[in-house]
Amino acid sequence: MNLFRIGRCLLVVLLPASLAACGDGGMQEVKDWMKQVKAQTKVTVPKLAEPKKFIPYAYPDQNAVDPFNLTKLTIALAKAQSDSHSALRPDMNRRREPLESYPLDAITMVGSLRKGNATYAILQADRTIFEAKAGNYVGQNFGLITTVTDNQVAITERVQDSSDEWVERKTTLELQETTK
């Protein structure tokens, strides 16, 4: 250990002394070479291409429906919804339930429990746990829970088809078993 300290002290003392001995002899040659290279090198910057001229689009017909006018779009959508008199049309004025703010593919069934005669599904969405039973709404397509069993939840969704008619679509959420 003591020998190691002596070697380290010698290194600390001898290294700066050996570097000082190198001197400035070779540096002048390097400086001369750098001056010569700088004098011979020509700087060439390629010309930039002219930018394309921007021609703004003039909307030709002032009486036509402006596709970017939110007010007109909202009125048109409200009119389209009120024109649909299908028996399957969901109630747009009812209060939304918390699970309706999540898409159905983001909701998983993680369990079930019984309270009296009712079976409740334990659903998880975005790290939050919810209790749901038959009659609750779930998902963003007006999904109504029709039945809850120990290992699945049956859901009937109401969606609009290509002709703006309301149709029912049945789906299920299966119990997701985790392996740890």
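Test each condition in (1) under 30 Å from A132 (Cα atoms); (2) surrounded by 10 or more Cβ atoms within 10 Å (Cβ to Cβ); (3) modelled with pLDDT of 85 or more for W33 and report the one that comes out false.
Checking W33 against (1) under 30 Å from A132 (Cα atoms); (2) surrounded by 10 or more Cβ atoms within 10 Å (Cβ to Cβ); (3) modelled with pLDDT of 85 or more, the one that fails is (1).
Test each condition in (1) among the aliphatic types (A, V, I, L, M); (2) over 31 Å from the mean Cα position of the chain (by Cα); (3) modelled with pLDDT of 85 or more for V65 and report the one that comes out false.
Tallying (1) among the aliphatic types (A, V, I, L, M); (2) over 31 Å from the mean Cα position of the chain (by Cα); (3) modelled with pLDDT of 85 or more, V65 fails exactly one: (3).
Say we look at region 142-157 and pick out the residues that are crowded, with 17+ Cβ neighbours inside 10 Å and of a type outside the set (F, W, Y); which of these is farthest from A106 (Cα to Cα)? Write out each step before concluding.
Of the residues in region 142-157, the ones crowded, with 17+ Cβ neighbours inside 10 Å are 142-145, 148, 153, 155, 157.
In the following step, the residues that additionally are of a type outside the set (F, W, Y) were identified as 143-145, 148, 153, 155, 157.
Values: G143: 14, L144: 16, I145: 16, V148: 18, V153: 14, I155: 15, E157: 15 Å.
Step by step, filter region 142-157, then rank; the result is V148.
Check L88, L113 and return the single one that is part of a loop (DSSP other than H, G, I, E, B), surrounded by fewer than 16 Cβ atoms within 10 Å (Cβ to Cβ) and on the phi < 0 side of the Ramachandran plot. Don't jump to the end; show me each part of the working.
On the way: L113 fails: part of a loop (DSSP other than H, G, I, E, B).
The unique qualifying residue is L88.
State yes or no: is A58 more than 28 Å from the chain's Cα centre (by Cα), assigned to a loop (DSSP other than H, G, I, E, B) and surrounded by fewer than 10 Cβ atoms within 10 Å (Cβ to Cβ)? Reasoning before the result, please.
Details: more than 28 Å from the chain's Cα centre (by Cα): yes; assigned to a loop (DSSP other than H, G, I, E, B): yes; surrounded by fewer than 10 Cβ atoms within 10 Å (Cβ to Cβ): yes.
Against the criterion (more than 28 Å from the chain's Cα centre (by Cα), assigned to a loop (DSSP other than H, G, I, E, B) and surrounded by fewer than 10 Cβ atoms within 10 Å (Cβ to Cβ)), A58 qualifies.
Does region 122-141 hold any residues that are aliphatic (A, V, I, L, M) and surrounded by fewer than 18 Cβ atoms within 10 Å (Cβ to Cβ), and which are they?
Our first condition is that a residue be aliphatic (A, V, I, L, M); within region 122-141, this holds for 122-123, 125, 129, 132, 134, 138.
Scanning region 122-141 gives I122, I129, A134.
Condition (residue is part of a loop (DSSP other than H, G, I, E, B), in contact (Cβ under 8 Å) with a residue 40 or more places away in the chain and in contact with a strand residue (DSSP E or B) (Cβ under 7 Å, 6 or more places away or on another chain)) applied to region 93-107: is it met by at least one residue? Give the derivation first.
Within region 93-107, the subset part of a loop (DSSP other than H, G, I, E, B) is 93-97, 102-103.
From the residues that got through so far, the ones that are in contact (Cβ under 8 Å) with a residue 40 or more places away in the chain too are 96-97.
Applying the additional criterion that residues be in contact with a strand residue (DSSP E or B) (Cβ under 7 Å, 6 or more places away or on another chain) yields 97.
Checked against the condition, which is being part of a loop (DSSP other than H, G, I, E, B), in contact (Cβ under 8 Å) with a residue 40 or more places away in the chain and in contact with a strand residue (DSSP E or B) (Cβ under 7 Å, 6 or more places away or on another chain), region 93-107 yields at least one hit.
Which pairs have Cβ atoms under 9 Å, sit 6 or more apart or on different chains, and link a residue in region 64-77 that is free of Cβ contacts under 8 Å to residues at least 12 places away in the same chain to one that is assigned to a helix (DSSP H, G or I) and of a type in the set (D, E, K, R)?
Sorted first by the residue in region 64-77, then by its partner, the pairs are V65/K72; D66/K72.
Could we say that N93 is over 28 Å from the mean Cα position of the chain (by Cα), on the phi < 0 side of the Ramachandran plot and surrounded by 13 or more Cβ atoms within 10 Å (Cβ to Cβ) here?
Details: over 28 Å from the mean Cα position of the chain (by Cα): yes; on the phi < 0 side of the Ramachandran plot: yes; surrounded by 13 or more Cβ atoms within 10 Å (Cβ to Cβ): no.
So N93 does not fit the description; no.
Which one is nearest to L173 (Cα to Cα) among residues in region 68-102 that are of a type in the set (S, T, Y) and modelled with pLDDT of 80 or more? Before the answer, list the steps.
Initially, region 68-102 is screened for residues of a type in the set (S, T, Y), giving 71, 74, 82, 84, 86, 101-102.
So of that shortlist, the ones also modelled with pLDDT of 80 or more come out as 71, 74, 101-102.
Details: T71: 38, T74: 34, S101: 17, Y102: 14 Å.
Applying the filter and picking the extreme gives Y102.
Would you point out which residue out of T119, T172 is of a type in the set (S, T, N, Q), in a strand (DSSP E or B) and surrounded by 15 or more Cβ atoms within 10 Å (Cβ to Cβ)?
On the way: T172 fails: surrounded by 15 or more Cβ atoms within 10 Å (Cβ to Cβ).
After applying the criteria, what remains is T119.
For region 160-169, which residues satisfy the criterion of being within 20 Å of D91 (Cβ to Cβ) and either surrounded by 15 or more Cβ atoms within 10 Å (Cβ to Cβ) or more than 29 Å from the chain's Cα centre (by Cα) (or both)?
Restricting attention to region 160-169, the residues satisfying the condition of being within 20 Å of D91 (Cβ to Cβ) are 160-161, 164-169.
Q160, D164, E165, W166, V167, E168, listed by residue number.
The values are calculated or read from the model by the stated rules, or taken from the named source; none is laboratory data. None of the values given here were measured: they were computed from a predicted structure. Because the Cβ atoms are built from the backbone with ideal geometry, glycine has one as well, and the counts that use them run over all protein chains shown.
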